[in-house]
Amino acid sequence: MSKEFKFEIKVYYEDTDAGGIVYYSNYLNFLERARTEMIEMVGLSNKQLLEENKTLIIVKSCNIEYISSAKLEDKITIYSSIESFSKASFVIIQNIKKDNALIVKAKLKLVTVNQEGRPIKIPSVLEKKLSIN
């Protein structure tokens, strides 16, 4: 099991459609931002992983379920936790809540790759910091 990371954001006009509802693909942007912040919360950064470990993190697959909508100026919270690690990949569960109600749930498989796009072992520093101590 892993730590749970929390990231809060506000829905801006640019995130919505003409009716003021969050456009479905923008939830993927919210999830990406939350993963970036999760890495920073443990004292790392994507830039640092690239420069020091020659590692990029890419999305291999994404399963997302839209339960209800967020609207303009809503405050939403993304909860992220690692479900499992393998040699070169990990599975992350990300849930988006509005007023403590689940509105989106997603399960993604992320792969660590080198600059040529070939899978490589997850840097131990990353796995250690994302795991429960």
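Using the Karplus equation 6.51 cos²θ - 1.76 cosθ + 1.60 (θ = phi - 60°), what ³J(HN,Hα) coupling, rounded to whole Hz, does each residue of segment 116-129 give in order, writing x for Gly and Pro?
8, x, 8, x, 9, 4, 4, x, 4, 4, 5, 4, 4, 6
Rounded to the nearest 500, what is the chain's calculated 222 nm mean residue ellipticity when only DSSP H runs of at least 4 contribute -39500 (n - 2.57) each, over all residues?
Computed ellipticity for the chain at 222 nm equals -7000 deg cm²/dmol.
In straight Cα distance, which lysines are under 27 Å from residue 87, not counting same-chain residues fewer than 8 positions off?
Here the lysines satisfying the reach criterion relative to residue 87 are 3, 6, 47, 54, 60, 105, 107, 109, 121, 128, 129.
Take the chain, connect every pair of alpha-carbon atoms lying under 10 Å apart with a spring to form a Gaussian network, then pick out the residue of 15, 74, 99 with the largest mean-square fluctuation.
Of the options given, 99 has the highest mean-square fluctuation.
For segment 36-133, state which GluC sites (Glu not before Pro) are in a DSSP loop and have at most 12 other beta carbons lying within 10 Å of their beta carbon.
Sparse-neighbourhood loop GluC sites (Glu not before Pro): 73, 116.
Expressed as an acute angle from 0 to 90° and rounded to the nearest 10, what is the orientation of the C-alpha long axis of helix 26-41 relative to the principal long axis of the chain?
It is inclined by approximately 50 degrees.
Within 10 Å, at most 12 other Cβ atoms, and a DSSP state outside H, G, I, E, B define an exposed site. Report the longest part of the chain free of exposed chymotrypsin sites (Phe, Trp or Tyr not before Pro).
Answer - 25-133.
Taking the Cα centre of segment 48-133 as origin, work out the dipole magnitude from +1 charges on Lys and Arg Cβ and -1 charges on Asp and Glu Cβ, in debye rounded to 20.
Dipole about the Cα centre, nearest 20: 220 debye.
Roughly how many percent of the accessible protein surface of the chain is carbon and sulfur, given a 1.4 Å probe and a whole-percent answer?
Using a 1.4 Å probe with all protein chains present, the chain comes out at 48 percent carbon and sulfur.
The values are calculated or read from the model by the stated rules, or taken from the named source; none is laboratory data. All values reported here derive from a predicted model rather than from experimental measurement. Backbone-built Cβ (ideal geometry, glycine too); neighbour counts: all protein chains shown. These area figures cover heavy atoms from the full protein model, side chains too; ligands, DNA and RNA do not enter into them. Shrake-Rupley method; radii C 1.70, N 1.55, O 1.52, S 1.80 Å.
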